[in-house]
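The values are calculated or read from the model by the stated rules, or taken from the named source; none is laboratory data. Keep in mind the model is a prediction, meaning the values are calculated, not measured. All Cβ positions, even for glycine, are placed from backbone atoms using ideal geometry, and neighbour counts span all protein chains on display.
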Amino acid sequence: TKMFTYDPGFTSTASCESSITFIDGDEGVLLHRGYPIEQLAEHGDFLEVCYLLLYGELPTAAQKKDFDYRVVHHTMVHEQMSRFFTGFRRDAHPMAVMCGCVGALSAFYHDSTDITDPHQRMVASLRMIAKMPTLAAMAYKYHIGQPFVYPKNDLDYASNFLRMCFAVPCEEYVVNPVLARAMDRIFILHADHEQNASTSTVRLAGSSGANPFACIAAGIACLWGPAHGGANEAALNMLTEIGTVDRIPEYIARAKDKNDPFRLMGFGHRVYKNYDPRAKIMQKTAHEVLGELGIKDDPLLDIAIELERIALTDDYFIEKKLYPNVDFYSGITLKALGFPTTMFTVLFALARTVGWIAQWNEMIEDPDQRIGRPRQLYTGAPLREYVPLSKR
Ligand code: CMC
């Protein structure tokens, strides 16, 4: 029989060729189309990064204007979509709602599901990037029992999203530009990360020819897990549970204990064996947001900083090269912005949608593309005769 390479967790299998994102995990480097994440986060805006990921180059001013306009054109969702939301139990986790509602988009936008047509693929991509904030905000509003807020297209992407989340019909809502900039930066930091579990899921789903909306729904399902996108929610829950700085050693000891399944959430990464460059920017963003909101001492931030300090000087963490990842500081920032922990992974999904869709497009355009079909090493019973029920 033919033998296959056994590679659980795909730690040494390249599943594709890609020109979108480069990571050097040992050096802590992350580049999108060659541009360092630090520069994109500092100088760019999220839609510019979306353009870069989709088209491979930074847009000119005219291209940017046109792209922004095209995205804005698609921010509304079909009115009937609202019934999908209200069909869920009130206490449903917003990620459960997102899995269902994003999958449902395929039923509404048949006119952009012919994946052989590059124009339809781009329309589907823009639709997805434009509608995710609307859907995410709807999931939030339903979650807290407030009326849905329609998009306002003269606002930038992040401001529009914050308004859809936090405006109420009875009051004027003014977007705070510092907070909008922080939100935008959080989106940039999560936009793409090469062949992570959810992106590989999107590619695998797409390799069968499934429509892009269904593929993104598959990515959302994968992202939900606490080892992946769910880590931002888990990290903040952990900081809350630790509660006070003096209890940190107890949790460090638990993380090191082989017999305890507990892990420090927001620590460690399959690829980064150095400080996650996104975590540094996220930490800075956390300080900016807390500063703007006049939050002098956030006990959770104090715990996070002290936890990081202890972990980075501890032999266990040094030896295993465990550093804070993007999710370690994002929760503190998102909480300060006003989001409940249950929304954190939804925000990750919103931002990662562009990465998923860019990778999906790249795959469809790849002449070597075939259906993804891993093999296995069979370890079950050898051939045997069926035994009738009466004889067992
Ligand atoms: N706390 C304590 N020990 C850890 C941790 C942690 N957070 N992460 C890894 N280790 C240990 C692990 O026990 C193992 O030890 P040993 O070799 O003695 O068995 C060793 O380090 C290697 O871990 P692994 O699970 O084999 O590594 P992996 O590449 O399969 O997993 C990971 C990577 C991110 C799933 C893992 O580090 C983890 O569970 N971290 C916590 C969850 C988290 O923060 N996830 C967010 C990832 S970044 C955002 C994203 O892209 O989704």
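Under the condition of being touching a residue at least 60 places away in the same chain (Cβ under 8 Å) and within 11 Å of the ligand (Cβ to nearest atom), which residue from region 272-281 is farthest from residue 178 (Cα to Cα)?
273
Quick grid of which residues meet (1) at negative phi; (2) aliphatic (A, V, I, L, M); (3) in contact with a Cys (Cβ under 8 Å, 6 or more places away or on another chain):
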residue: 55; (1), (2), (3): yes, no, no
residue: 58; (1), (2), (3): yes, yes, no
residue: 68; (1), (2), (3): yes, no, no
residue: 85; (1), (2), (3): yes, no, yes
residue: 91; (1), (2), (3): yes, no, no
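Mind checking which residues of region 212-234 are in contact with a Leu (Cβ under 6 Å, 6 or more places away or on another chain) and more than 7 Å from the ligand (Cβ to nearest atom)?
213 - this is the single residue of region 212-234 that is in contact with a Leu (Cβ under 6 Å, 6 or more places away or on another chain) and more than 7 Å from the ligand (Cβ to nearest atom).
In the list 285, 345, which residue meets the criterion of being hydroxyl-bearing (Ser, Thr, Tyr) and away from the ligand (no atom under 12 Å from the Cβ)?
Numbers: 345 fails: away from the ligand (no atom under 12 Å from the Cβ).
Being hydroxyl-bearing (Ser, Thr, Tyr) and away from the ligand (no atom under 12 Å from the Cβ) holds for just one of 285, 345, which is 285.
Inside region 341-392, can you point out the residues that are more than 15 Å from residue 136 (Cα to Cα), under 27 Å from the mean Cα position of the chain (by Cα) and of a type in the set (Phe, Trp, Tyr)? Lay out the reasoning, then the answer.
Quick first cut of region 341-392, residues more than 15 Å from residue 136 (Cα to Cα) only: 355-392.
If we keep only those that are under 27 Å from the mean Cα position of the chain (by Cα) as well, we get 355-366, 369-374.
Across region 341-392, the qualifying residues are 356, 360.
What residue, among those in region 194-211 that are more than 16 Å from the ligand (Cβ to nearest atom), in contact (Cβ under 8 Å) with a residue 40 or more places away in the chain and not hydroxyl-bearing (Ser, Thr, Tyr), is surrounded by the most Cβ atoms within 10 Å (Cβ to Cβ)?
Taking region 194-211 and keeping what is more than 16 Å from the ligand (Cβ to nearest atom), we get 204-211.
When the remaining residues are screened for being in contact (Cβ under 8 Å) with a residue 40 or more places away in the chain, the result is 204, 206-209, 211.
Applying the additional criterion that residues be not hydroxyl-bearing (Ser, Thr, Tyr) yields 204, 206, 209, 211.
Values: 204: 20, 206: 27, 209: 11, 211: 21.
Residue satisfying both the conditions and the ranking: 206.
Criterion first (without any contact (Cβ under 8 Å) to a residue 40 or more places away in the chain and within 16 Å of the ligand (Cβ to nearest atom)) does residue 297 satisfy it? Break it down into steps so the answer makes sense when it comes.
On the way: without any contact (Cβ under 8 Å) to a residue 40 or more places away in the chain: yes; within 16 Å of the ligand (Cβ to nearest atom): no.
The answer is no for residue 297.
Against the condition part of a loop (DSSP other than H, G, I, E, B) and farther than 23 Å from residue 349 by Cα, how does residue 91 come out, does it pass?
no
Restricting the search to region 1-39, which residues are surrounded by 10 or more Cβ atoms within 10 Å (Cβ to Cβ) and of a type in the set (Asp, Glu)? Explain how you work it out, then say what you get.
Keep residues of region 1-39 that are surrounded by 10 or more Cβ atoms within 10 Å (Cβ to Cβ), which gives 4, 7, 10, 13, 15-16, 18, 20-39.
Of everything in region 1-39, those that are surrounded by 10 or more Cβ atoms within 10 Å (Cβ to Cβ) and of a type in the set (Asp, Glu) turn out to be 7, 24, 26, 27, 38.
Looking at region 357-392, which of its residues are outside any loop (DSSP other than H, G, I, E, B), surrounded by 12 or more Cβ atoms within 10 Å (Cβ to Cβ) and charged (D, E, K, R)? Before you say what the answer is, go through the steps one by one.
Residues of region 357-392 that are outside any loop (DSSP other than H, G, I, E, B), as a first pass: 357-365, 389-391.
After this cut, where a residue has to be surrounded by 12 or more Cβ atoms within 10 Å (Cβ to Cβ) as well, the list is 357-364.
Residue satisfying the conditions is 362 alone.
Restricting the first residue to region 330-347 and requiring it to be under 21 Å from residue 220 (Cβ atoms) and part of a helix (DSSP H, G or I), which pairs with a second residue that is among the acidic types (Asp, Glu) and at pLDDT below 95 meet a Cβ separation below 9 Å and a spacing of at least six or different chains?
Going by the 9 Å Cβ cut-off, the qualifying pairs are 331/233; 341/233; 342/233; 343/233; 344/233; 344/327; 345/233.
Determine whether residue 34 is on the phi > 0 side of the Ramachandran plot and over 20 Å from the mean Cα position of the chain (by Cα).
On the way: on the phi > 0 side of the Ramachandran plot: yes; over 20 Å from the mean Cα position of the chain (by Cα): yes.
It is true that residue 34 is on the phi > 0 side of the Ramachandran plot and over 20 Å from the mean Cα position of the chain (by Cα).
Could you pull out the residue among 112, 159, 106 that is of a type in the set (Gly, Ala, Ser) and in contact with a Lys or Arg (Cβ under 8 Å, 6 or more places away or on another chain)? Give the steps one after another, and end with the answer.
On the way: 159 fails: in contact with a Lys or Arg (Cβ under 8 Å, 6 or more places away or on another chain); 106 fails: in contact with a Lys or Arg (Cβ under 8 Å, 6 or more places away or on another chain).
Answer to the selection: 112.
If I filter region 69-92 for residues that are surrounded by fewer than 20 Cβ atoms within 10 Å (Cβ to Cβ), within 20 Å of the chain's Cα centre (by Cα) and more than 23 Å from residue 191 (Cα to Cα), do I get at least one hit?
Yes, there is a match, as at least one residue in region 69-92 is surrounded by fewer than 20 Cβ atoms within 10 Å (Cβ to Cβ), within 20 Å of the chain's Cα centre (by Cα) and more than 23 Å from residue 191 (Cα to Cα).
Residues being closer than 15 Å to residue 328 by Cα and either outside any helix (DSSP H, G or I) or in contact with a Pro (Cβ under 9 Å, 6 or more places away or on another chain) (or both): count how many of those fall in region 271-293.
Of all residues in region 271-293, those closer than 15 Å to residue 328 by Cα come to 272, 274-287.
Adding the requirement that they be either outside any helix (DSSP H, G or I) or in contact with a Pro (Cβ under 9 Å, 6 or more places away or on another chain) (or both) leaves 272, 274-277, 279-280, 282-283.
Number of matching residues: 9.
Tell me whether region 323-342 contains one or more residues that are polar (S, T, N, Q) and surrounded by fewer than 24 Cβ atoms within 10 Å (Cβ to Cβ). Talk me through it step by step, then tell me what you get.
Step one: filter region 323-342 for residues polar (S, T, N, Q), giving 325, 330, 333, 341-342.
This time we only want the ones that are surrounded by fewer than 24 Cβ atoms within 10 Å (Cβ to Cβ), so: 341-342.
Taking every residue of region 323-342 in turn, at least one turns out to be polar (S, T, N, Q) and surrounded by fewer than 24 Cβ atoms within 10 Å (Cβ to Cβ).
Condition first: of a type in the set (Asp, Glu) and in contact (Cβ under 8 Å) with a residue 24 or more places away in the chain. Now tell me which residues in region 366-392 satisfy that. Give the derivation first.
Residues of region 366-392 that are of a type in the set (Asp, Glu), as a first pass: 366, 368, 385.
Result: 366, 368.
For region 240-271, name all the residues that are in contact (Cβ under 8 Å) with a residue 40 or more places away in the chain, farther than 30 Å from residue 23 by Cα and either more than 14 Å from the ligand (Cβ to nearest atom) or among the charged types (D, E, K, R) (or both).
240, 243, 244, 245, 249
When only residues in region 272-308 that are out of contact with any strand residue (DSSP E or B) (no Cβ under 9 Å at 6 or more places or on another chain) and of a type in the set (Gly, Ala, Ser) count, which is nearest to residue 44 (Cα to Cα)?
Quick first cut of region 272-308, residues out of contact with any strand residue (DSSP E or B) (no Cβ under 9 Å at 6 or more places or on another chain) only: 273, 281, 284-303, 305-306.
From the residues that got through so far, the ones that are of a type in the set (Gly, Ala, Ser) too are 286, 291, 294.
On the way: 286: 18, 291: 22, 294: 26 Å.
By that ranking, first place goes to 286.
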